[in-house]
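Below you'll find the structure, written out as C-alpha cells, and then a few comments.
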Amino acid sequence: MTDFKVKGKVWLITDNNGELINDIDTDQIFHNQFLHITEISEMGEHTFGNLEGWENFPEKCNPGDIVFAGSNFGAGSSRQQAVDCFEALGIKAIVAESYGAIYKRNAINSGFPILIFQQINNFVKDDAIKNLDEIEIDFLAGELKNISSGKIFKINPFSKVQKDIMEKGSLLTI
Amino acid sequence: MPGKTVIEKIFTNHSKEDISPGKIVWIDLDVVTARDFGGPNVVKNFHKNYEGQSVFDQSKVFFTFDLTVPPKTIQYANNQMICRKFAKEKGVKVFDIDKGIGTHTLIENGLVPSGSIVVGTDSHMNILGAVNSFGQGMGDVDIAFGFRYGRTWFEVPETVKVKIKGNSSYDYSAKDLVIKALSILRTDKILGKAVEFYGDPIEKLDLPERITFLSMITEMGGIVGFIPFNNNTENEIKKMSGLDNIVPEIKADGDASYSEIIDLDISDIESMVSAPPYPHNGMKVSDLEKVNVDFGFVGSCTNGRIEDILKVWTILKGKKIKEGVQLSIVPATIEVYKQAFEKGILKDLLDAGAIIANPGCGGCAQGHIGMTGKGEVMVSTGNRNFPGKQGDGFNYLTSPEVVAFSVLNGFISDREF
C-alpha cells in the first residue's frame, strides 16, 4: 500500500531577505557539469550545488526532510537528475507555489511527490511556517499541517495521474 | 462545442479521447528522441523495465547527440557508447556527434511535418512550434516509456492568445522581439500554457526568426508557441525540411476558447539584452551603463542558423574584434556549417578573430567551447543566463548583431564606435 502521507522537517529555500526563491533553474538544482552521472545514489551530493547560499544543503539536510520553494521551481532543462538528486538525499516531498512544466512531469513520472501550495510565500513571510518546523502532508486530501504550531493549510491535492503513477511506483511500472 | 486552439487540434489528431483544457489524455507520439545527456538513463530505464523488448517503431525513435560533441571526458564517451550500442541492438538511427542540434536536425531531415508531436530530452523541443508542430522536452523516465510504447499522458494545456502590436521604426531583430516579450510575460503569465501569437510584428517573421522567437517560450515557462504562417512560411519550411509536400497548416478555429488574451505593446522596442541572472530581465542596450565584454558567443538552438551567422559576418568582415575579447561561433547543424563554408564567409570571420566550432549545443552545454571566469562578461545569443550556466561570470543574452558589435567595440553596443 502506497502511503500518501508524509511527515518531516521543513527546509525553506530562501534568499537573503528570508523569502522563498522563485525561478530556481535546473542548473542551480543540479549543475550541468555533473550530467555524466547516471547513478541516482551519486546525485545527492550535488543538489543545489549551484544555488547561492545553499551549496551545502546536502550536508545540512536529513533523510525524511521536506523542501519548500517559491514559484516556477525547476525551470529550465529536461534533466531527470534535478528530481533524482532529492530522491538520493531521502527528501520526502517538495512543496512550491508552482513548477516548471517539464520538472512537474519528471517528478510525477518517477513517482516523486511534489505539491502545489498557492500563496506559500505569504505564509512563510508571516512565519506561519518556519525553517525546521515539523509538518505533515496528506497528498490526497490536500492538507498540510504544521505540527510545531498546530496550524492547518489547504494545498492542491494530488491529481489523479499523480496518484495512479505513485501507486505503481513510476510511469515505467504502470 | 466551441472551436479548438492549435494545440487542441494537434492533440485531437493524436488521441482517441475528447480534448479539453485541464483534462489528462493519452497521446500518440510521432517521434521520440534522446540526447547524449538524458540518453544513457533512457537506456538504463529501458533495460531495467523492458528487457528484451523492442522500441515501438524503429522509424520513429532516434538518438541525437548534440551536447558534448565530441565527448570531452571518458564518462561522456562511455555514455554515448551506451546509446550507440542500444541503438544498434534495437535498430534505431543515431544522428551522431557530427550532426548538430537535434531539433534542427529533425526539421532538416523532414521528420517533423506540420501537426507532428515530437518529444525528446531537450527543454527547447518546443522550437518545433515554428514548423507548426508540438515539441515537448521530457526527462529520461518519460522518454523510456515513449521509446517502448510511442505514447504518453498529457494534461491538455490551456491556450493563451497574445496579440503583439505597436509600430516601431527601429530595425529590431527577432531576438529583440522575444526578449521584449519575455520581459513583459516573464515566467508567470504563460506558465504551463500553450500560446498563440498574432499581430504583424510577429507574423512577418521568417522561419529562422520564428525558431529564435519560439525557442524562448521555455524561458517564459510556457509549453509551446505558435505563429500563423505568412505567405512565405510554407516555402521556407519546404526548403529547410526538404519535404516537397507539406501537410496544411493547423490553424485555430475562429471560435476557439482562450484562457486569457494578452495585448503586448512593443512600440518602444530597441536593441535588447537580457541582463543576468534571468532571461526575463530584459532591457534596452541604450539604457545600459557601459559594460565591457570578455567573450562573445553566437549559436544555440535560438540563434544558430546561417542567417544568424551571416548577420555577424556582415558586421565583422574586413574588421578585427577588440584585442583581448574572444568570439566563438557554433553553427546549429552540419548543414548550416556547410552553407557557411559554401558562402565563403568563414575566412572573413576567422580573419576577424572568431573561433568557429563544430556544430551542436556547445555554447550552452557544459562549456564545451569555453566558459567565463569569475566576474567575466559574456554576450551570448543563447537562451539562458542563469548563474553558472556558461561559466562563473555574467551572461547577457542578445541578438547576433549586438554580439558582433560588442566584440568589435569591447563593450555591449548595437553599432560601431
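The values are calculated or read from the model by the stated rules, or taken from the named source; none is laboratory data. Everything quoted here is computed from the prediction, not taken from an experiment. Virtual Cβ from ideal backbone geometry, glycine too; neighbours counted across all protein chains shown. Note: areas computed on protein heavy atoms with side chains; ligands, DNA, RNA excluded. Shrake-Rupley method; radii C 1.70, N 1.55, O 1.52, S 1.80 Å.
The eigenvalues of the Cα gyration tensor, multiplied by 5 and square-rooted, give the stretch B:159-265 an equivalent ellipsoid with semi-axes of 22, 17, 13 Å from largest to smallest.
Thinking of the stretch B:223-301 as a set of Cα atoms, what percent of all their pairs are more than 15 Å apart? Roughly 78 percent, once rounded to a whole number.
The distance separating the Cα centre of the stretch A:89-123 from that of the stretch A:1-75 comes to 11 Å. Please report the base-10 log of the normalised intensity I(q)/I(0) for chain A, using a Debye sum with one equal scatterer per alpha carbon and no solvent, at each q in 0.10, 0.20 (1/Å). With one equal scatterer per Cα and no solvent, log10 I(q)/I(0) is -0.33, -1.49. Atom-type composition of the exposed protein surface of the protein assembly as shown places 47 percent of the accessible area on carbon and sulfur (1.4 angstrom probe). In this structure the amide hydrogen of A:Gly49, modeled in the peptide plane, comes within under 5 Å of the amide hydrogens of A:His31, none closer than 5 places in sequence on its chain. For the stretch B:70-162, treating each Cα as an identical point scatterer without solvent, what Debye log10 I(q)/I(0) comes out at q = 0.15 1/Å? Normalising to I(0) and taking log10 leaves -0.71.
Greater than 20 Å separation of Cα atoms is the criterion. Which listed pairs, A:Lys5/A:Lys92; A:Lys163/B:Lys9; A:Lys163/B:Lys48; B:Lys44/B:Lys90, meet it? Distance filter (> 20 Å) returns A:Lys163/B:Lys9; A:Lys163/B:Lys48.
Which of the GluC sites (Glu not before Pro) found in the stretch A:1-84 are loop residues per DSSP with 15 or fewer other Cβ atoms within 10 Å of their Cβ? Don't skip to the end; give the middle numbers.
On the way: sites: A:Glu19, A:Glu39, A:Glu42, A:Glu45, A:Glu52, A:Glu55, A:Glu59; in loops: A:Glu19, A:Glu39, A:Glu52, A:Glu55.
Passing both the DSSP loop test and the Cβ count: A:Glu19, A:Glu39, A:Glu52, A:Glu55.
Under the simplified labelling scheme, the A:Lys60-A:Leu140 pair shows an inter-label distance of 3.5 nm, with each label point 7 Å from Cα along Cα→Cβ. For B:Met371, the accessible area of its heavy atoms, probed at 1.4 Å with every protein chain present, is near 90 square angstrom.
Placing a label point 7 Å from the Cα of A:Thr2 along the Cα-to-Cβ direction, the residues of the stretch A:80-109 with a backbone N closer than 15 Å are A:93-94, A:105-109. Comparing B:Gly382, B:Gly221, B:Gly120 in a Gaussian network model of chain B where C-alpha atoms under 10 Å apart are linked, the largest mean-square fluctuation is found at B:Gly221. Please compute P(r) over all alpha-carbon pairs of the stretch B:6-155, binned at 10 Å starting from zero, and give each bin as a whole-number percent. Per 10 Å bin, starting at 0, the Cα pair percentages come out as 12, 43, 33, 11, 1. Three principal axis extents describe the C-alpha atoms of chain B; from largest down they are 60, 53, 40 Å.
The residues of the stretch B:166-214 occluded by other protein chains by 20 Å² or more of accessible area, set against the chain on its own, are B:Thr187, B:Leu191; surface from heavy atoms, 1.4 Å probe.
Filter the GluC sites (Glu not before Pro) in the stretch B:249-353 down to the DSSP loop ones having no more than 16 other Cβ atoms within 10 Å, then list what survives.
Answer by residue number: B:Glu249, B:Glu270, B:Glu289, B:Glu323.
Taking every DSSP beta bridge that has both ends in the stretch A:5-173, the antiparallel portion is near 50%.
Reported value for the protein assembly as shown: 150 Å³ per residue, from the convex hull of its C-alpha atoms. Solvent-accessible surface, computed for protein heavy atoms with a probe of 1.4 Å, shrinks by 50 Å² or more for the following residues of the stretch B:369-417 when the other protein chains are added to the isolated chain: B:Phe386, B:Pro387.
The heavy atoms of B:Arg84 present about 90 square angstrom of accessible area, all protein chains included, probe 1.4 Å.
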